[in-house]
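Asks: Could you have a look at this structure, given as structure tokens, before my questions?
The values are calculated or read from the model by the stated rules, or taken from the named source; none is laboratory data. Only a predicted model underlies this, so the values are computations on that prediction, with no experimental measurement involved. FYI the Cβ positions are ideal-geometry reconstructions off the backbone, even for glycines, and counts take in every protein chain you see.
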């Protein structure tokens with residue numbers, strides 16, 4: 001494996017970086033990220049379902065190793081830095097009392113190892129303190145990742161492969177979050193979230209031989225990646241309120257933080273935002 005760093009991504013000065021300040025998302029960035037909210041009932045769902053099904057079937061077809069102690073390493077892509085994005089198969093959930101036979105362990109070489117969704121929520125949330133508007137742009141990129149909007153046919157499968165314009169946005173976020181994200185790299189985080197979501201689909205969709213990605217639309221990838229938007233956003237707003245009202249504890253809205261905890265408890269670890277919340281939080285980028 002290569003020892004190159006994720007921070008090597010993008011050696012040229014980004015065109016977008018030259019035109020954006022650090023205080024807010026620019027109109028150019030907003031235009032690039034402008035995305036129609038996916039409607040469960042409209043025709044835009046079909047391309048996503050086709051891509052999603054192809055990825056599930058690809059992953060199920062991979063031969064795993066004999067055990068979690070001796071897994072097979074399945075490289076699915078290589079980042080521009082040269083680092084490999086891969087799965088270890090089988091994953092630890094295959095050895096539970098009630099095993100999940102399709103579980104795998106997502107990895108980004110040299111950076112993300114044994115990370116969970118909860119670990120990524122903490123990383124994402126920290127960016128909000130540095131620059132709240134760019135934090136929102138990052139969450140919009142995660143929204144696009146959820147529905148495979150920046151995924152294309154590559155290496156015989158569907159892979160995360162954002163356009164040059166989206167890459168320019170990513171480079172701009174790198175510059176702002178270099179001291180917060182692992183190795184200062186946004187692309188690596190987005191790749192890793194993609195692998196986590198892919199594994200969730202394989203775990204919870206593939207076991208049903210008659211699985212229907214239309215009726216079970218949110219199970220797996222969608223629920224988990226959308227939760228990776230809502231939890232960091234709600235936490236970030238709460239933290240900002242704590243900082244703003246630190247001199248007057250009676251004004252701190254602890255109820256909002258407790259509401260998020262309740263949402264997670266009721267829904268067993270996931271709580272996706274409503275379409276109304278997405279529009280309220282991310283307009284005009286999401287509409």
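Asks: For residues that are under 19 Å from the mean Cα position of the chain (by Cα) and either assigned to a strand (DSSP E or B) or closer than 23 Å to residue 227 by Cα (or both), tally how many sit in segment 89-128.
Replies: Residues that pass the stated criteria total 24.
Asks: Another question, if that's okay. Any residue that is modelled with pLDDT under 50 and surrounded by fewer than 13 Cβ atoms within 10 Å (Cβ to Cβ) - is there at least one of those in segment 27-36?
Replies: no
For (1) more than 17 Å from residue 47 (Cα to Cα); (2) touching a residue at least 24 places away in the same chain (Cβ under 8 Å); (3) crowded, with 22+ Cβ neighbours inside 10 Å; (4) touching a helix residue (DSSP H, G or I) at 6+ places or on another chain (Cβ under 7 Å), each residue gets a yes or a no:
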position: 150; (1), (2), (3), (4): no, no, no, yes
position: 159; (1), (2), (3), (4): no, yes, no, no
position: 163; (1), (2), (3), (4): yes, no, no, no
position: 191; (1), (2), (3), (4): yes, yes, yes, no
position: 196; (1), (2), (3), (4): yes, yes, no, yes
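Asks: What is the residue count in segment 85-120 for residues that are at negative phi and surrounded by 17 or more Cβ atoms within 10 Å (Cβ to Cβ)? Show your work before the answer.
Replies: Narrowing segment 85-120 to residues at negative phi: 85-109, 111-113, 115-120.
Now restrict to residues that are surrounded by 17 or more Cβ atoms within 10 Å (Cβ to Cβ): 85-91, 93-94, 100, 102-109, 111-112, 115, 117, 120.
Qualifying residue count, segment 85-120: 23.
Asks: Now a separate question. Mind checking which residues of segment 268-287 are in contact (Cβ under 8 Å) with a residue 24 or more places away in the chain, more than 22 Å from residue 31 (Cβ to Cβ) and outside any loop (DSSP other than H, G, I, E, B)?
Replies: 277
Asks: For residues that are more than 12 Å from residue 104 (Cα to Cα) and either within 22 Å of the chain's Cα centre (by Cα) or touching a residue at least 40 places away in the same chain (Cβ under 8 Å) (or both), tally how many sit in segment 57-74.
Replies: Residues flagged as more than 12 Å from residue 104 (Cα to Cα) and either within 22 Å of the chain's Cα centre (by Cα) or touching a residue at least 40 places away in the same chain (Cβ under 8 Å) (or both) within segment 57-74 amount to 2.
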